[in-house]
Amino acid sequence: MAEIAKQLQISKPTATIHLDRLVELGLVIRINQPHDRRLVIINLTSKGKKLLKIKLKARKFMTKKILNCFSQEEKEKILATFTNLIKKLDQ
């Protein structure tokens, strides 16, 4: 849970609350590790995989729709700006 919380930049209790909800919705399952009770593996269920596929498809559609508003030159400038931003954040 600590790794998930760290990646999402939220507290461990908040991550646990969200994970519990995803389990209740049948989107993920927890797999406890008998050799280390602190370790829990989280897997998407088939329902979770289907929802993820739908969400990614919708995101791709919206991204294309937004980017179609820009010329190729503007898209290149946007890409360069975000690339530069990522480099600065990684420093």
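Summary table
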| read-out | value |
| --- | --- |
| Residue check, Ile10 outside any helix (DSSP H, G or I), loosely packed, with under 10 Cβ neighbours inside 10 Å and β-branched (Val, Ile, Thr) | no |
| Of the criteria (1) surrounded by 10 or more Cβ atoms within 10 Å (Cβ to Cβ); (2) part of a helix (DSSP H, G or I), which one Lys87 fails | (1) |
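A short reminder: the numbers here are calculations on the coordinates, not readings from a lab. Because the structure is a prediction, the values reported are computed rather than measured. Cβ atoms come from the backbone with ideal geometry, glycine included; neighbour counts cover every protein chain shown.
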